[in-house]
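A.B. asks: Quick one: the structure is below, and I'll ask about it shortly.
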Amino acid sequence: MLVVDDEPMVREVLARYLAKEGYSVDTAEDGDSALRSFADDSPDIVLLDLMLPRIDGLEVFRRIRELGQTPVIMLTAKGEETDRVVGLELGADDYVGKPFDPRELVARIDAVLRRRGPVPGAPDPGADAFRFGDFELDLHLRRLRRADNTIALSSGEFALLHALVRHANRPLKRERLLELARGDDADINDRAIDVQVYRLRRLVEPDPARPRYIQTVWGVGYVFVPDGNGRPAAQERA
């Protein structure tokens, strides 16, 4: 999830509250940083303040919509009635007026995500923790831990790791992995997956140059090998 607001207190409060609700939260303080974060991490949903410095919220929304149908909830202050109406006319999924109750906001987020259907990388309350090597991936809390240390994952990194562990020992083409991690409307880009894999290897591999867990299958894509031993068994490729 990406929270975009120029008020530090709003970003901090939302990040803490939403993390307690099981969401992985990235934040941005202006339009430029919001668009960079969106391109890098492909969040499940965006909470977007309309009054932003540098690039205003409506322009950020227009550019997000050019890249796909990621759900967007607009955050509006009193006196922004015109912008709110324009945002909804452009296709925003919902709006919440400031000041707002965080519980209401979570309810709005849940409602938007239910309407949109399953979201890649969303919290999975019924899933057990997945263990590999010294790591434990909690699919409910969207948390990766090693011993007593929590390793911070962006929304995009969690979605990619989630897709990999769900298809452990099964070679996945780059196109299929991108679809699993970002959804059916993802803009197919092999390079985007390669960059995300590179970042993820730096977090989980003892030696990223010689990966144990996230292995390259030449001519195909990648395979996740939980025990890090041997080669993936021959099986149908995705």
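A.B. asks: Evaluate the following for residue 215: is it modelled with pLDDT under 85, in contact with a Pro (Cβ under 9 Å, 6 or more places away or on another chain), outside the structural domain of residue 36 (by TED's automatic domain parsing) and not β-branched (Val, Ile, Thr)?
C.D. replies: no
A.B. asks: Report whether or not residue 120 is within 12 Å of residue 45 (Cβ to Cβ) and either part of a loop (DSSP other than H, G, I, E, B) or modelled with pLDDT of 65 or more (or both).
C.D. replies: In short, yes.
A.B. asks: Write out, first by first residue and then by second, each pair whose Cβ atoms fall under 7 Å of each other, whose residues are 6+ apart or on separate chains, and whose first residue, in the range 136-162, is in contact (Cβ under 8 Å) with a residue 60 or more places away in the chain while the second is among the acidic types (Asp, Glu).
C.D. replies: Between residues of the range 136-162 that are in contact (Cβ under 8 Å) with a residue 60 or more places away in the chain and residues that are among the acidic types (Asp, Glu), the close pairs are 140/124; 154/26; 154/41; 155/26; 155/41; 155/44; 156/40; 156/41.
A.B. asks: Does residue 52 satisfy the criteria of being under 21 Å from residue 153 (Cα atoms) and crowded, with 20+ Cβ neighbours inside 10 Å?
C.D. replies: no
A.B. asks: Among residues belonging to the range 61-92 that are acidic (Asp, Glu) and either modelled with pLDDT of 85 or more or exposed (fewer than 14 other Cβ atoms within 10 Å of the Cβ) (or both), point out the one that is farthest from the chain's Cα centre (by Cα).
C.D. replies: Taking the candidates together, the pick is 81.
A.B. asks: Here's a follow-up. Any residue in the range 32-49 that is among the basic types (Lys, Arg) and modelled with pLDDT under 75?
C.D. replies: Taking the range 32-49 first, the residues among the basic types (Lys, Arg) are 36.
Among the residues that remain, those that are also modelled with pLDDT under 75 are: none.
No, the range 32-49 contains no residue that is among the basic types (Lys, Arg) and modelled with pLDDT under 75.
The values are calculated or read from the model by the stated rules, or taken from the named source; none is laboratory data. Small disclaimer: the values here were computed from a predicted structure and weren't measured. Here the Cβ is made from the backbone with ideal geometry for all residues, glycine too, and neighbour counts use every protein chain on show.
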